[in-house]
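*Asks:* Next up is a structure, given as structure tokens.
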Amino acid sequence: MSYKKYFYLFVIFSVVIFLGYSAQENRDKGQLYSELHNRKPAVSGQFYPASKNDLSNILENLFSEAETPKIDNVLAIISPHAGYVYSGGVAASSYNQINPNKTFENVFVIASSHTAHYKGASLYSPGNYETPLGEVNVNLDLVKKLINENDFFSYIPQAHVSEHSLEVQLPFLQYYLKNDFKLVPIVIGTQTKNECKRMAEALQPYFNENNLFVISSDFSHYPAYEEANKWDKMSADAILLNDPDEFFKVINDKQDDHVKNLATRACGWSSVMTLLYLTQNLPDIQYSHIEYKNSGDTDFGDKSRVVGYHAIVVSKSSVVKSGHFHLTNRDKKDLLEIARNTVNTYIKNGVIPDLEENYSDILNTHCGAFVTLNINYKLRGCIGRFTADQPLYKVVQQMAIASSTKDSRFEPVKKLELEEIEIEISVLTPMKKINSIDEIQLGKHGIYISKGYQTGTFLPQVATETGWTLKEFLGHCSRDKAGIGWDGWQDADIYIYEANVFSEGDFE
């Protein structure tokens, strides 16, 4: 069935309207409607078909062409929200990673407002949402609980009247999920990182396997086709790092000023930031990229001005059992050569060397690693990742660059230092949360301490190198790395992991 039947001219972005309502009135918790009334479809017949049959048919076509399921234990997805003829295929690829037979208590759909700026976010509380496929029940009790307990959540009627970014996600959920769910509809109006972080803190208790989070965002708006491919990849790479600060830095890159017609790197940046704040301190989280396209890839797209679309999935990271994960000497040498060649080439020439990509199955396994740089047995830089959506050999290359240029404790490595540096690599096993510190074996286990948004870690070799007792190991990590005080570990979450540690000195 041709998509042209469903194509209507529409403007992807409206001019931002600053609505003239009183902030105090909109914050008044007493405005929660006592008389229920549903939010009717606002963009059916524009962004997607208005009839139930036509909408079901186009969804069937989109899912039939979507990327096949690749990810287990999906917790969240990032899905685009343009007209279905433009972004519907990428959206279907994102939804297709979810187990359709799983029962979710709630689906949190987090979208960013295109028509108004206001503090925090607006949660629809007067009733349910409706689409041509029927009614979507809102968890009104939870919505009102979130509003009553947080001053940055409220109900702002104008935020929902014509907003498409949340609405267009709902037919996908109705069509794809086989079991009933309750909706928590959130439209973010803030333009500040801090409020995104506060919202994430409020939503943190609900970010678990019982609920699904849908993050609604398109990416670059209006650059030429090739430019969009370039800039959108940078945005996706930052998201895959699970680092909100890095994502914010990328989407606010001053180089954007020189890109013709580029209006934004991500219209739903605040929604994506909220997700990243939710996941950044969770040690068992994995981001996976599923698909990218832009409007220039469609029958209707103008390649001189496009909008970008990513399908990205957040899941519980796959387990690599340490007993089945063995690095040979060849594997270790390959990783050390990758790190050495990368550091030398990047520091000397500012270029990331290409990799051969013909490494062993173990080096193609997705797992975390740290790269440590030492000069005369003194630390010169150390950065790593606990989980990864990329093969180990690529993670090592990325961490080699980061440890030599981005460790905030040190200046970037200088060319004259390259011959003095010795490289050490720690390949990590998955983390395990412990109930008692008696489970920690000094020299064998690294520790990861998490309390709220404060986290810190020590690799296993730190205990050996310092000669610390168990209490000193925990105290130093708690105070010096997590910033929660010497005894902060006592009421924090503690995880342990093992590391396969090797260095260039092992092969001299």
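*Asks:* Identify, by number, the condition in (1) modelled with pLDDT of 95 or more; (2) open to solvent by 10 Å² or more (accessible area, probe 1.4 Å); (3) part of a strand (DSSP E or B); (4) not basic (Lys, Arg) that residue 373 doesn't meet.
*Replies:* (2)
*Asks:* Name the residues in region 404-426 that are open to solvent by less than 10 Å² (accessible area, probe 1.4 Å) and touching a Phe, Trp or Tyr at 6+ places or on another chain (Cβ under 8 Å), would you?
*Replies:* 404, 425, 426
*Asks:* Here is a follow-up. Any idea which residue in region 203-225 is modelled with the lowest pLDDT, counting only those that are buried (at least 17 other Cβ atoms within 10 Å of the Cβ) and in a helix (DSSP H, G or I)?
*Replies:* In this case the residue turns out to be 225.
*Asks:* Would you be able to say whether some residue in region 452-465 is open to solvent by 40 Å² or more (accessible area, probe 1.4 Å), assigned to a loop (DSSP other than H, G, I, E, B) and more than 23 Å from residue 372 (Cβ to Cβ)?
*Replies:* yes
*Asks:* Mind telling me which of the residues 87, 165, 122 ends up being in a strand (DSSP E or B) and more than 20 Å from residue 285 (Cα to Cα)?
*Replies:* When all the criteria are applied, what remains is 122.
*Asks:* Can you tell me how many residues in region 285-319 are under 20 Å from residue 197 (Cα atoms), of a type outside the set (A, V, I, L, M, F, W, C) and either in contact with a helix residue (DSSP H, G or I) (Cβ under 7 Å, 6 or more places away or on another chain) or surrounded by fewer than 20 Cβ atoms within 10 Å (Cβ to Cβ) (or both)?
*Replies:* Qualifying residue count, region 285-319: 1.
*Asks:* Same structure, new question: Hey, can you tell me all the residues within region 40-57 that are assigned to a helix (DSSP H, G or I) and of a type in the set (Gly, Ala, Ser)?
*Replies:* The answer is 56, and nothing else.
*Asks:* From 496, 447, grab the single residue that is in contact with a Phe, Trp or Tyr (Cβ under 6 Å, 6 or more places away or on another chain), surrounded by 19 or more Cβ atoms within 10 Å (Cβ to Cβ) and within 29 Å of residue 336 (Cα to Cα).
*Replies:* Exactly one residue qualifies, and that residue is 447.
*Asks:* Let me ask another. Can you tell me which residue in region 466-482 is surrounded by the most Cβ atoms within 10 Å (Cβ to Cβ), limited to those that are aliphatic (A, V, I, L, M) and in a helix (DSSP H, G or I)?
*Replies:* Ranking the qualifying residues of region 466-482, first place goes to 474.
*Asks:* Checking residue 167 against (1) over 23 Å from the mean Cα position of the chain (by Cα); (2) surrounded by 19 or more Cβ atoms within 10 Å (Cβ to Cβ); (3) not hydrophobic (A, V, I, L, M, F, W, C), which test does it fail?
*Replies:* For residue 167, the failing item is (1).
*Asks:* Follow-up. What number goes with the only condition from (1) touching a strand residue (DSSP E or B) at 6+ places or on another chain (Cβ under 8 Å); (2) modelled with pLDDT of 95 or more; (3) surrounded by fewer than 24 Cβ atoms within 10 Å (Cβ to Cβ) that residue 185 does not pass?
*Replies:* (3)
*Asks:* Do you know which residues across region 100-113 are within 19 Å of the chain's Cα centre (by Cα) and either open to solvent by 20 Å² or more (accessible area, probe 1.4 Å) or on the phi > 0 side of the Ramachandran plot (or both)?
*Replies:* None; the set is empty.
*Asks:* Separate question: Looking at region 79-125 only, could you name the residues that are among the charged types (D, E, K, R) and within 28 Å of residue 36 (Cβ to Cβ)?
*Replies:* If the condition is that a residue be among the charged types (D, E, K, R) and within 28 Å of residue 36 (Cβ to Cβ), then 105, 119 are the ones that fit.
The values are calculated or read from the model by the stated rules, or taken from the named source; none is laboratory data. Computed from a predicted structure; not experimentally measured. FYI the Cβ positions are ideal-geometry reconstructions off the backbone, even for glycines, and counts take in every protein chain you see. Calculation scope for accessible area: heavy atoms of the full protein, side chains included, ligands and nucleic acids excluded. Shrake-Rupley method; radii C 1.70, N 1.55, O 1.52, S 1.80 Å.
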